[in-house]
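As structure tokens, the structure follows; a few thoughts come after it.
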């Protein structure tokens with residue numbers, strides 16, 4: 001009697017256990033399938049955009065010496081009116097080569113404005129000193145002013161870029177009057193920057 005009762009109890013509860021195990025397996029299979037379908041429907045995640053990795057090797061002094069000063073001088077010297085005993089003599093760009101040279105100079109100016117906005121560019125080499133003591137600050141003092149007024153420095157650099165754009169448009173239009181007006185704007189841009197960052201403060 002007892003063995004028969006044990007067998008019935010085992011069969012009853014064993015069957016229940018098997019049903020529970022089957023149901024759990026079925027639920028796991030359904031959940032796995034749903035997760036797989038959800039992953040397939042999800043939009044692929046785009047990789048983050050690459051970060052700018054500028055390497056400002058040239059100093060501000062280098063940019064001034066090899067890009068800004070020569071290009072600005074060429075723009076200012078493009079149109080010259082000289083008074084002579086015989087009257088006024090005007091020198092202006094005439095040939096395609098002369099206008100093309102001015103176009104290159106205008107591009108140098110506007111791109112120099114962009115280069116000056118790159119952060120962490122040194123003002124000068126470690127051994128550099130002012131060539132006009134008392135007229136220009138020492139490089140360390142210029143750097144200190146830039147650090148103290150970064151927004152003003154960025155604004156000055158953008159103004160150089162914008163002046164270069166005006167010069168480029170005048171050159172491409174071969175408009176001498178616009179070239180003269182652009183030269184005045186360029187002169188004011190340079191002087192404003194130098195007054196803020198290069199020249200000693202008035203006593």
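No value in this document is a laboratory result; all are computed from the given coordinates. Everything numeric in this text was worked out from a predicted model, so none of it was measured. A quick note on method: Cβ atoms are made from the backbone with ideal geometry, for glycine too, and the neighbour counts reach across all protein chains shown.
Key figures for this structure:
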read-out: Scope region 175-195; condition touching a helix residue (DSSP H, G or I) at 6+ places or on another chain (Cβ under 6 Å) and surrounded by fewer than 18 Cβ atoms within 10 Å (Cβ to Cβ); matching residues; value: 178, 185
read-out: Hits in region 152-174 (condition: surrounded by fewer than 20 Cβ atoms within 10 Å (Cβ to Cβ) and without any contact (Cβ under 8 Å) to a residue 24 or more places away in the chain); value: 155, 169, 173
read-out: Members of region 105-151 found to be in contact with a helix residue (DSSP H, G or I) (Cβ under 8 Å, 6 or more places away or on another chain) and free of Cβ contacts under 8 Å to residues at least 12 places away in the same chain, listed by number; value: 129, 130
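So that you can scan it fast, the table gives a plain yes or no per residue for (1) surrounded by 13 or more Cβ atoms within 10 Å (Cβ to Cβ); (2) within 17 Å of residue 194 (Cα to Cα):
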residue	(1), (2)
86	no, no
93	yes, no
102	yes, no
106	yes, no
113	yes, yes
